[in-house]
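In what follows, a structure is listed as structure tokens, so that the remarks can point back to it.
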Amino acid sequence: MADLPTSGREVIDLVASGFTELPADTSPESDVDGPIGWPGYDAARGRARQRTGEHESVVVGTGEVDGTEAVLIAFDFGFLGGSIGRRTGDLIEAAFARARGARLPVVSLIATGGSRMQEGMRALTQLQRIARQAALTRREGLPQLAVLRNPTTGGGWATIGAGADVTLAVGGAQVGFAGSRVRPPGDPDAYTAAGQYASGHVDAIVEPGQLPQRLGRWLRLLTRPAAEPQPPPRALGSHGAPAEPPATGWDAVRRARAAGRPPAESYVEDYFDWREELRGDRCGGVDDGVRCGFGYRNGEAVAYAAQCGTATTPAGFRTAARLVRLADRLRVPMLTLVDTPGAANDADAERAGAGPAIAELFTAVASATVPVTTLVIGEGGSGGALAFASADRMWITPDAYFSVTSPEAAARILKLGTGDVPATADRLRLRPQDLVDLGIARGIVD
């Protein structure tokens, strides 16, 4: 896959229009050969300026990305490998300050080898400075997006790259904390964009030609939240299934487990005009049975977290919690779709922190100040399902159920036989109409 240009200005020209550069200090450095007197450093900077036409390794300013104004931070790899020095920190700090002052999102177009060793610890401490600016901007409720070009390593990856709200990567790019000359022998794929995507550290791999459109879509989603709580999706209904609620508890369970029942993907596609997905828990885990992202509906953005009918792993709960916290900070209303037999409870799930992960999502939903709307579309299996659910804005479809535990598990706990499972389902009062009567669900959607 082709890479983006190494020039910061060329990348800006690719993704944005009307770019206005922020003023920068172009006076010569007062300390010849830098703060630690690295031999030949001044000459190296001079050659870099001549080669690139830039005075530093980043170009910063404002521009319009597919209709949304944003602050742009573009690294120029031709300037000393896009390395981060003191003046790089000056420019990045100015960019974040401009974003806060103008209430604009930040887009970082990264290509860097890391901190500039010719400036020693002065360069390394710029990472703390950058992290501080990103944190201040996050506190203001402004979104941050990163595009990982080739290469993105060291402190650039470990601050505004991995620390962004949404992280996109150009396919084929080298991405990792360790650069190619210092990493130990081992799996080379771990240091690629594809490897970081597989591990849940990157949200999407993007072709260079798609980048302007994908960035524009993400910026619309993160800056145009829906103003009101969203209605639940309509019930899609199984082909040939009755529209009325089930007669018995066991009927409800069988209908929820039926192979022909519409999955979460169908509900998401029906509800949104278009959408973009977040991937991974940023702890090395991905649960493909949980889909999270932001969707555009009637010209406004809504966040969504959807269970897809499988047992939810700790990575799934953490990914959903990541989404809820981001949506809350950006004031984007939430939609959750519940469909799981329950939380994964095998030994691997316990070692990965099933309990803490579920607690994390419960806390995120309980702490959210934006409205969270829930629709139960299939199985509602115990706490693993309830963690995804709103406490006061829950609806259910006619072919779904919600229960404190599955009828089979309840029968085992009570030391009953398999023949007692249907009657146990009735006793659990898990039907859609039971949930309405109990005040758990607001209603059964049509």
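The values are calculated or read from the model by the stated rules, or taken from the named source; none is laboratory data. Predicted model only: the values in this text are computed from it and were never measured. Neighbour counts run over all protein chains shown; Cβ positions are idealised from the backbone, glycine included.
One line per residue, one yes/no per condition, for (1) farther than 18 Å from Val324 by Cβ; (2) hydrophobic (A, V, I, L, M, F, W, C):
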residue	(1), (2)
Val338	no, yes
Asp346	yes, no
Ser367	no, no
Val376	no, yes
Val404	yes, yes
Gly419	yes, no
Thr424	yes, no
Val436	yes, yes
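Could you check region 199-212 and list, in sequence order, the residues that are in a helix (DSSP H, G or I) and either out of contact with any strand residue (DSSP E or B) (no Cβ under 9 Å at 6 or more places or on another chain) or without any contact (Cβ under 8 Å) to a residue 12 or more places away in the chain (or both)? The answer is Gly209, Gln210.
State yes or no: is Asp420 in the same structural domain as Gly309 (by TED's automatic domain parsing), free of Cβ contacts under 8 Å to residues at least 60 places away in the same chain, charged (D, E, K, R) and more than 19 Å from Val302 (Cα to Cα)? Spell out the reasoning first.
Working: in the same structural domain as Gly309 (by TED's automatic domain parsing): yes; free of Cβ contacts under 8 Å to residues at least 60 places away in the same chain: yes; charged (D, E, K, R): yes; more than 19 Å from Val302 (Cα to Cα): yes.
When the stated conditions are applied, Asp420 passes them.
Report those helices (runs of 4 or more DSSP H) wholly inside region 278-367 carrying at least 1 residues which are surrounded by 24 or more Cβ atoms within 10 Å (Cβ to Cβ).
Details: elements: 314-329, 347-351, 354-367.
In region 278-367, the matching helices (runs of 4 or more DSSP H) lie at 314-329, 354-367.
Scanning region 136-160 for residues that are under 17 Å from Glu93 (Cβ atoms), in contact (Cβ under 8 Å) with a residue 40 or more places away in the chain and of a type outside the set (Asp, Glu) yields a total of 7. As for region 61-80, it holds at least one residue that is surrounded by fewer than 21 Cβ atoms within 10 Å (Cβ to Cβ) and under 20 Å from Arg47 (Cβ atoms). Here Lys415 meets the list (1) among the charged types (D, E, K, R); (2) assigned to a loop (DSSP other than H, G, I, E, B); (3) surrounded by 19 or more Cβ atoms within 10 Å (Cβ to Cβ) almost entirely, failing just condition (3). Within region 418-437, the set of residues being assigned to a loop (DSSP other than H, G, I, E, B) and closer than 17 Å to Pro398 by Cβ comprises Arg429, Leu430, Arg431.
Criterion first (polar (S, T, N, Q) and free of Cβ contacts under 8 Å to residues at least 60 places away in the same chain) does Gln230 satisfy it? Against the criterion (polar (S, T, N, Q) and free of Cβ contacts under 8 Å to residues at least 60 places away in the same chain), Gln230 does not qualify. Residue under question is Thr373, and the condition is that it be at pLDDT 95 or above, within 22 Å of Pro225 (Cα to Cα), in a loop (DSSP other than H, G, I, E, B) and not aromatic (Phe, Trp, Tyr); does it hold? Considered against the rule, which asks whether it is at pLDDT 95 or above, within 22 Å of Pro225 (Cα to Cα), in a loop (DSSP other than H, G, I, E, B) and not aromatic (Phe, Trp, Tyr), Thr373 comes out as no.
Screening Pro233 on (1) more than 24 Å from Val107 (Cα to Cα); (2) in contact with a helix residue (DSSP H, G or I) (Cβ under 7 Å, 6 or more places away or on another chain); (3) in the same structural domain as Leu386 (by TED's automatic domain parsing) shows it passes everything except condition (3).
Taking the criterion of being in contact (Cβ under 8 Å) with a residue 40 or more places away in the chain, assigned to a loop (DSSP other than H, G, I, E, B) and in contact with a strand residue (DSSP E or B) (Cβ under 8 Å, 6 or more places away or on another chain), the residues of region 247-277 that qualify are Arg261, Pro262, Pro263.
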